[in-house]
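One structure is given here, and the rest of the page talks about it.
The values are calculated or read from the model by the stated rules, or taken from the named source; none is laboratory data. Fair warning: this is a prediction, and the values are worked out from it, not measured in the lab. Each accessible area value is taken on the protein alone, full model and side chains, heavy atoms only, with ligands, DNA and RNA left out. Shrake-Rupley method; radii C 1.70, N 1.55, O 1.52, S 1.80 Å.
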Amino acid sequence: MIEEKAPQGKARLADVARRAGVSVATVSRALSRPGMVSEAAREAIFAAVSETGYRVNHAARNLRKGRTGAIVALVPNLANPFFARILSGMGQELAQSGYDLLVGDTMDAGGRHRALARLLDPSRADGIVLLDGQVTAGDLAALPFAPPVVMACEWIEQADLPRVVLDNEAGTALAAGHLLGLGHRRIACIGGPRGNVLHRARLGGVRRTLGHEPRLYEGDFTLAGGARAAQLWLEGPPPERPTAIIAFSDESAAGFMGELQRRGIDVPRDVSVVGFDGIDWVAHLPTPLTTIRQPKREMGRLAARLVLRLIAGDEIARETILAPELIIRGSTGPVRG
């Protein structure tokens, strides 16, 4: 058995308990599962930790419990800036509980999902936050073992996994309602991959708000996909071109606007554009992008919190739904008469 023994002269758990006026067991709970302790007790304990200079021996604790002390986040494309704030929120939350965040890319050069067999392994991680909805229930079922898994952002419809997601339908409904309020009636969408759950949910929000099936340009959530949609828009007769576009990602919206502006088309005079995600840099485009913002940092924090609760054996909600926010900038304006 491994004990957490502080070197001579160093603060011990009992010193923290004595300073905070609580039991050693309460200090232990506050350091390993803060939600189990009242706010007043937590504040007293954390103040005592700071005053005594106590340091938790995470390595000994993890070895004793048969844990790695790490959580792995699996992301479909690390080059996509959308994931940065989610991972930041996740890392901050995990650090408070003494866990490290490891990140794997399911789009690695060895082939999609090669990371699953390598990282969904209790010897590498105590839990997984999966942000890739292209992974299938079959992919997960084929694995001989897996630590607790929480989905974030995307989800697998056939898998009974807890998830933290945006209300995507509400997001595109906000976008469509904004454009309708500006007088637009010929509204089209730049979609994502057709089988993607985000594509289907976002298309559903537009369809519900408009009351009919919108025109859809094929897309893949990328700058290049947005540029291809712009070329198709340009090929249409001017009287029949959509006067407004809802792109299912900010990158697609930026690619669409960039290609049009290179051809002398003005946004929003000739066409209004709304993106989706709220990536930081779209506020600094030559024409700042109107977008649907996701609370990305909060999504990461909640996902981390859920996977820690699963590891602890707690019951958790199967679905946590976050609200989108419409951010109006210069890329949308009234329809031209």
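Direction-averaged shadow area of the convex hull around the Cα atoms of segment 277-337, nm²?
Values: hull surface 22.7 nm².
Averaged projected hull area, Cα only: 5.7 nm².
Counting only Cα atoms, I'd like the Rg/Rh figure for segment 219-337, Kirkwood definition for Rh.
On the way: Rg = 18.1 Å, Rh = 15.8 Å.
Ratio value, two decimals: 1.14.
In segment 147-191, the ratio of gyration radius to Kirkwood radius, Rg to Rh, stands at 1.20 when only Cα atoms are counted.
Surface exposure of segment 150-248, expressed per residue as accessible area with a 1.4 Å probe, stands at 39 Å². When its C-alpha radius of gyration is set against 2.2 N^0.38 Å (N residues), segment 230-276 gives a value of 1.03. For D250, the solvent-accessible surface computed with a 1.4 Å probe is close to 0 Å², ligands and nucleic acids excluded.
Stretched out straight at 0.36 nm per residue, the stretch from L216 to R263 would grow longer than its current Cα-Cα span by 14.8 nm. Each part gets one Cα centre, and for segment 299-320 versus segment 223-287 those centres are 38 Å apart.
Length gained on full extension, L234 to A40: 63.6 nm, using 0.36 nm per residue less the C-alpha separation.
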